[in-house]
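Enquirer: Structure provided below as structure tokens; questions to follow.
The values are calculated or read from the model by the stated rules, or taken from the named source; none is laboratory data. Given the structure is predicted, the values throughout are model-derived calculations rather than measurements. Every residue, glycine as well, gets a Cβ built from its backbone with ideal geometry; the counts of neighbours run over all protein chains shown.
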């Protein structure tokens, strides 16, 4: 992308259907098959990070952090997918993905808007971890913080049920908010010269104007991510890159105005 280009205007948001979701997933699988090395490499990094976090929690004896961390961990996916977006963009242009260019884009984003959006995501994530502890304290009172993964009998009590219901509602609301402000904004920031606030507002607008389809997409990401995490994060080797490529193609279907039309600059 031309780093000296004038800022783009906020793009127009189109209406999408369930067919667009199927087409985006098909395109994501096609991109993964066309450039499997990139997908497997990036998916491997994501898998290794997940495994390391889990092992560190277990070794430190802080496994009670596992539940909130595992619940929030997939939400950082869009940021790790920057390289996948660039691979899809090169394939979309009819070229062969170039490793040097993909790496350049990933490193280049550290000097652009992605870190600002990552800070917002980090804030929401840390807020969720704090709320998880607060909900436990309010539910169980003066009882010491307990690993509910190994003390499942606690979940059968009234306090445990209250904690589960409250935690699900709060966690779902925060995850929904983070999904709404990042699902379109992350690929948009990779492609366009646009400020992070405009990108987040546009992403939220896209979800608000296509609620049923975008909520379905969020559910697909959640279910597939959960399935990929089950076998010790190894499913992320394939599922993560496919979802990353698919997210790019869904973004292209939601945003109707090409970046060239908005800015007149080169991508």
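Enquirer: What about residue 208, is it in a helix (DSSP H, G or I), more than 17 Å from the chain's Cα centre (by Cα) and under 30 Å from residue 135 (Cα atoms)? Write out each step before concluding.
Expert: On the way: in a helix (DSSP H, G or I): yes; more than 17 Å from the chain's Cα centre (by Cα): yes; under 30 Å from residue 135 (Cα atoms): yes.
In short, yes.
Yes/no matrix, rows are residues, columns are (1) surrounded by 13 or more Cβ atoms within 10 Å (Cβ to Cβ); (2) at pLDDT 85 or above:
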position	(1), (2)
66	yes, no
80	yes, no
126	no, no
132	yes, no
135	yes, yes
139	yes, no
148	yes, no
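Enquirer: Pairs, please: C-beta under 9 Å, at least 6 apart or cross-chain, first residue under 14 Å from residue 210 (Cβ atoms) and in the range 174-189, second not in a helix (DSSP H, G or I)?
Expert: Listed by first residue and then by second, the contacts come to 184/13; 184/255.
Enquirer: In the range 217-260, which residues are more than 17 Å from the chain's Cα centre (by Cα) and closer than 17 Å to residue 50 by Cα?
Expert: Listed by number, the residues that qualify are 230, 231, 232, 234.
Enquirer: On to the next question. Test each condition in (1) crowded, with 16+ Cβ neighbours inside 10 Å; (2) in a helix (DSSP H, G or I); (3) touching a helix residue (DSSP H, G or I) at 6+ places or on another chain (Cβ under 7 Å) for residue 216 and report the one that comes out false.
Expert: Status for residue 216: all satisfied but (1).
Enquirer: It is to be established whether one or more residues within the range 48-63 are crowded, with 21+ Cβ neighbours inside 10 Å, within 20 Å of the chain's Cα centre (by Cα) and either at pLDDT below 95 or closer than 17 Å to residue 226 by Cα (or both).
Expert: Here is the first cut: in the range 48-63, the ones crowded, with 21+ Cβ neighbours inside 10 Å are 50.
With within 20 Å of the chain's Cα centre (by Cα) added as a condition, the list becomes 50.
Narrowing further to those that are either at pLDDT below 95 or closer than 17 Å to residue 226 by Cα (or both): 50.
Yes: the range 48-63 contains one or more residues that are crowded, with 21+ Cβ neighbours inside 10 Å, within 20 Å of the chain's Cα centre (by Cα) and either at pLDDT below 95 or closer than 17 Å to residue 226 by Cα (or both).
Enquirer: Right, residue 224: assigned to a helix (DSSP H, G or I), over 17 Å from residue 24 (Cα atoms) and in contact with a helix residue (DSSP H, G or I) (Cβ under 8 Å, 6 or more places away or on another chain) or not? Working first, answer last.
Expert: On the way: assigned to a helix (DSSP H, G or I): yes; over 17 Å from residue 24 (Cα atoms): no; in contact with a helix residue (DSSP H, G or I) (Cβ under 8 Å, 6 or more places away or on another chain): yes.
The answer is no for residue 224.
One line per residue, one yes/no per condition, for (1) modelled with pLDDT of 85 or more; (2) buried (at least 22 other Cβ atoms within 10 Å of the Cβ); (3) at positive phi:
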position: 169; (1), (2), (3): yes, no, no
position: 178; (1), (2), (3): yes, no, no
position: 192; (1), (2), (3): yes, yes, no
position: 196; (1), (2), (3): yes, no, no
position: 236; (1), (2), (3): yes, yes, no
position: 244; (1), (2), (3): yes, yes, no
position: 247; (1), (2), (3): yes, yes, no
position: 250; (1), (2), (3): yes, yes, no
position: 267; (1), (2), (3): no, no, no
